[in-house]
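Everything on this sheet refers to the single structure shown next.
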Amino acid sequence: MISKLIEIRDQARAKILEAKTIQELYEAKSLYLGKKSPLQEILGKMREFNADTKKEVGQKINEFKDMIEKEVAKRQEVLALAEVNKKLESEAIDVTLPAKNIKVGNLHILTKTIEELEEIFLGMGYNIAEGPEVEEDLYNFEMLNLPKGHPARDMQDSFYINPSLLLRTHTSPVQARTMLESKGKPIKIVCPGKVYRRDDDDATHSHQFMQLEGLVVGENISMADLKGTLSAVFEEMFGDGRKVRFRPSYFPFTEPSVEVDVSCFKCGGVGCNLCKGNGWIEVLGAGMVHPNVLDMAGYDSKKYQGFAFGIGIERITMLKHGIDDIRNFYINDPRFLRQF
Ligand code: PHE
């Protein structure tokens, strides 16, 4: 009888060790420890044995059940660990795999120029203003001292949508809008934005380009303030020691009007190919706000003065980076755009 018990125990052990999964182990466990297990069956027949055998067989059965239980627990640990390892392995990340090359974009160079200018002006206490690109003739021309039929309207060939609506030809309408909104209070703004003109596109002309308008209105504002402001801006932009020069010009909305040159930042003023030998580069138009413009917007021109300027964003970007064709900004060739 005892040898039969040993045989059962050994079979149980073998089955337990054979189990490859927790599921198989549980099957083996219920086979050898469950209600219908061979040991249980023998226990059921104990009545047939004499007292001595009963005692011996009973002890052995308990001993073997314990053993089998322990074997199951041991095997369970091994299998559980193996399962965790297998899972870890299958979910492992191979950090040696070459990564996908993610291309990071960059801001457009014109956006960078605008942001650089905005930073400089914010540092000088200016606010940033905006206006619509589809603009009323009223703000684009009339409130800027350019009544209907004024010959200077031809200086800026326009895209009209209907007789009173057009694509703005400059950022100056934001001057008129800001003055009306400010209701007589002092103003210090810059306004960046797109403008449109009926020009034929070539290396230096585009039917759409960008400007940054500046407007300061207050008491005791003079040409000296305009000159000092622009000198400070161009020193920041193009380096220390840059000088600014005014030449007389004409704009209907400023009086006097000036064309502003900056001393050449490539040759320092002695003359080179960039400044075409004369040491100065034309960068923008400016002037003192015309009294008519102040009066129309509700500012008493006897008490208030103002200066205004309009910087061509493409132009100064081309100068700064030595770009020779304005069309490069718009054709979206990444080989060009990535350089900045
Ligand atoms: N609006 C003018 C232009 O586009 C530039 C300018 C702005 C001139 C402000 C004087 C004052 O040509």
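General observations
- Filtered by the rule that a residue be of a type in the set (S, T, N, Q) and more than 16 Å from the ligand (Cβ to nearest atom), region 302-328 gives Thr317, Asn328.
- Pro291 meets the conditions (1) within 16 Å of the ligand (Cβ to nearest atom); (2) buried (at least 20 other Cβ atoms within 10 Å of the Cβ) in every case but one. The failed one is (2).
- Total residues in region 212-232, condition closer than 25 Å to Leu144 by Cα and either of a type in the set (A, V, I, L, M) or away from the ligand (no atom under 16 Å from the Cβ) (or both): 13
- Checking each residue in region 1-27 for being in contact with a Leu (Cβ under 9 Å, 6 or more places away or on another chain) and among the small types (Gly, Ala, Ser) picks out Ala12, Ala19.
- Gly241 vs. criteria without any contact (Cβ under 8 Å) to a residue 24 or more places away in the chain, more than 32 Å from the chain's Cα centre (by Cα) and more than 24 Å from Asp325 (Cβ to Cβ): no
- Ser206 vs. criteria on the phi < 0 side of the Ramachandran plot, within 16 Å of the ligand (Cβ to nearest atom) and more than 38 Å from the chain's Cα centre (by Cα): no
Each reported figure results from applying straightforward, stated rules to the coordinates on display, with no laboratory input. Keep in mind that this is a model prediction, so the values were computed, not measured. Using ideal geometry, Cβ is built from the backbone for each residue, glycine included, and neighbour counts are taken over all protein chains shown.
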